[in-house]
Each structure stands twice: as structure tokens, then as C-alpha cells.
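This report concerns only the one structure given below.
The values are calculated or read from the model by the stated rules, or taken from the named source; none is laboratory data. Bear in mind the structure is a predicted one, so any value in this text is a computation, not a measurement. Cβ: placed from backbone, ideal geometry, glycine included. Neighbour counts: every protein chain shown. Only protein heavy atoms, including side chains, enter the accessible area calculation; ligands, DNA and RNA are left aside. Shrake-Rupley method; radii C 1.70, N 1.55, O 1.52, S 1.80 Å.
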Amino acid sequence: MSRIAIFGGHGQVASRLTPLLVERGHEVGAIIRNPEHVDDVANLGATPIVADIETLDVAKIAALIDGFDAIVWAAGAGGGNPSRTYAVDKDAAIRSMDAAGRSGIPRYVMVSYFGAGSAHGVDPDSSFFAYADAKAAADDYLRSTSLSWTILGPSALTLDPGTGSIATRESGATGTSVTRQDVAATVAAAIETPSTIGRFIEFDNGDTPIVDAIR
């Protein structure tokens, strides 16, 4: 059993991830900003941790996650406000990585997106640019750390039922779509699969069982 902290614990991926982790015998801490979401995450089996990570420094985040074994970053500003996007998706994410290092938490799984990186090619005039730019910076920073990191790059998220199967870019994925349930299942599998450490895994829904696809 591991203690796993999820940043963005009330999000649509995190809400699907928590029950999967609990079923596997893990203890989950759901870091949420809105106290009105406490009951929601508790009902999923997580311990609610109310904190506004946008305003916390590294030391306070380190105190927040002290005692955990692994971190999942599933938080995000949600787009629409470039300054807040940079504040959450880049700056707060980077502080969480520094905090994990300070707290001696080795494992860090980042939920990014298909095509993320400095060569994302998004037009600076696009409303998506701030997100793409922030994620590229956060992902690159994570790669530079000594953490045992995995970066997951799901394609366009859908609300369809989970299939249990994906295709990675290496096996032909082109960035079409993937269900949120399958993203959650991929995060859960990645945490328990050491061979995912140090890899950026981009994926769509596909025909290969998740554990086999990421191994």
C-alpha cells in the first residue's frame, strides 16, 4: 500500500482515479481548493486536504504532502485566464515538484496532454497557447528533477465509458481521443509500473490493455 496525494483531487480524472487507487489498497489524499468539495472526495474514499496551491510556497506544499509516497498532478486552471493558467499549470506545478523533493517523495506522475512540449506549435494568438506553454515548462522542469517521474499525455478527453485499452504514440496513436476513465486507469497503472519512470507516454484509446500498453 502507498499513500498517494492527488493535486486537483476533485477534477474529472481525479474523481475517477481515486476509487481505482482505493480498490488497489492505496491511501489517497485529495488536495482540493474548494471546501464545498470535501464530501464529494470523501465519498470516493479519499482524505480531503483543503488548500489553495496557487498561493502556497514550496515549504507549505511540502508540509501538505509530508508522509505521502507518490504525487499525481491532475490539477489545472481550466483555461480562459492566461495569468492563472501560468500560475497553476506552470508555477504551482513546479513548486509541487520542489516540495516533493524536499519531502523525500520519490514518485511523481504528471497528467499532461498529447503533443505537449516546447515544440507544441500552438499559435501564440490561440486561447490554448498559455496552457500549452505552461505545460511545456512544467513538464521540462519535471524532467530536470531527480524525482522518479512519469509524464502521461492523453489525447482529447471524452466522457464515454472506459474501455480498459489504449494505444501509445509508439504503437500508432495519433492524438484522437481517450476516455477520462481510461486516463484514470492509466495513471493508476503507471504508479505501479516502474518501467514507466522517466518516460513521456502519449496515448489514445486503442486495442491494447492499459498495463501492457505502458509497460
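Numerical summary
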item: Hull shadow area, averaged, segment 71-202 [alpha-carbon convex hull, nm²]; result: 8.0 nm²
item: FRET efficiency, 1/(1 + (r/R0)^6) with R0 30 Å, evaluated for S127 and D52 via beta carbons; result: 0.80
item: Value of [θ]222 nm, deg cm²/dmol, for the chain, DSSP H segments ≥ 4, -39500 (n - 2.57) each, nearest 500; result: -10000 deg cm²/dmol
item: Only Lys, Arg (+1) and Asp, Glu (-1) charged, at Cβ; the chain dipole about Cα centre in debye; result: 380 debye
item: Per-residue SASA entry for V50, accessible area with 1.4 Å probe, Å² rounded to 10; result: 70 Å²
item: Solvent-accessible surface (1.4 angstrom probe) belonging to M97, in square angstrom, nearest 10; result: 0 Å²
item: Fully extended contour minus Cα-Cα distance, from T145 to N81, at 0.36 nm per residue; result: 20.2 nm
item: Residue-normalised accessible area of the chain, given per residue in Å² at a 1.4 Å probe; result: 43 Å²
item: Overall Cα dimensions of segment 170-211, principal axis frame, Å, largest first; result: 26, 21, 15
item: Extension reserve of the S2-D39 stretch, reckoned as 0.36 nm per residue once the Cα distance is removed; result: 11.1 nm
item: Carbon and sulfur %, accessible surface of the chain computed with the full protein complex present, 1.4 Å; result: 49 percent
item: Solvent-accessible ranking of Y113, Y108, Y141, largest area first, probe 1.4 Å; result: Y141, Y113, Y108
item: Extreme residue, positive dipole direction of the chain, given options P154, H26, A116 (C-beta unit charges); result: H26
item: Rounded accessible area of E192 (nearest 10 Å², 1.4 Å probe); result: 90 Å²
